[in-house]
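Throughout, read-outs are computed from the coordinates displayed, never taken from laboratory work. Note that the structure is predicted; figures quoted are calculated from it, not measured. Note that we place each Cβ from the backbone using ideal geometry, even for glycine, and neighbour counts take in every protein chain shown.
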Amino acid sequence: MVRLILDSPSGGYPVLMGTNLQRELRNVITRMDPTGAAIVTDTNVRPWAVKVAKAIKRAGLKTAIHAIPAGERSKSMLQLETVLSFLERQQIDRGGCVIAVGGGTVGDLAGLAASMWQRGVRLVAVPTTLLAMVDSSVGGKTGVNGRRSKNAIGSFWQPSAVISDLAAIETLPAPGYRDAFAEVVKYAVAMDRPRPRGRDRIPGHPRPCGRIRPESRCPHRACHGPLQQACRRLTGCAAIVSRPA
């Protein structure tokens, strides 16, 4: 498991990354000691939300699940109202928390609801897509779409914790990987240290790569794993993003 602390204007918060993190999630919730918890998810990943609910129940905390329809259309004022009504039914007070289990749509919607309910309650993000793990679950951006504008209605509300369980993305379709790796490459080009030179040694490669090769010519097994397929389409070789920071 990897544990990071992200700084934000409202204080730092932990980001946990690994596989099968139900115990870590339970520990995080236990340390928060909320008076109640409400899980917001969508219809596609409701089974994963059930796992989250079971993990929290072992910590002695009762919770309930609200599933919105899957898809971008749920980033709407209508669905925001249903989430706020759910929090009201669950009697979430200022000491409670909202747990967002899903991709970017769920995270944006649940985060906005958390920022509004009782003038702000704590949020725990449990992203279930690679794109949400690297983008929408961190940074505090929340929002829904207006009738004519995307993400026009929103706020900045930092999570109290982010739990990125890689087991959730084992069945993610290839387009989901492509979207996420495009975002990773964008960050690497815009914000990180320079792209590796062709002679840099790359983990998993028996020798220096020599140059960034087209997919059909790269001989290294490290460039042919299931997680690297989308990256090869974007960059020509998975080595670009498999190199350590």
Could you sort out which of LYS62/LYS150; LYS75/LYS186; LYS51/LYS186 sit more than 28 Å apart by Cα distance in this structure? LYS62/LYS150; LYS51/LYS186
With a 10 Å Cβ neighbour count serving as the proxy for reagent exposure, in which order, fewest first, do THR171, THR128 appear? THR171, THR128
Report the extension gain between SER149 and ALA167 in nm, rounded to one decimal, defined as 0.36 nm multiplied by the number of residues separating them, less their alpha carbon distance. 3.1 nm
Report the calculated FRET efficiency for LYS57 and VAL2 (r = Cβ-Cβ distance, R0 = 22 Å), to the nearest 0.05. 0.25
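Mind running the shape call on the range 2-169? Use the C-alpha gyration tensor, a ≥ b ≥ c as the square roots of the eigenvalues: rounded below 1.5 for a/c, prolate if a/b tops b/c, oblate otherwise.
rounded
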DSSP bridge orientation in the range 6-161 - percent antiparallel, rounded to nearest 5: 25 percent
For the range 129-169 the trypsin sites (Lys or Arg not before Pro) that pass both the DSSP coil test and the at-most-16 other-Cβ-within-10 Å test are ARG147, ARG148, LYS150
Restricting to DSSP loop positions (anything but H, G, I, E, B) with no more than 15 other Cβ atoms inside 10 Å of their own Cβ, which trypsin sites (Lys or Arg not before Pro) remain in the range 3-64? ARG58, LYS62
Spelling it out for ILE99: with amide H atoms placed in the peptide plane at 1.01 Å from N, the residues 5 or more places away or on another chain with amide H under 5 Å from its amide H are ALA38, ILE39, VAL40, VAL124
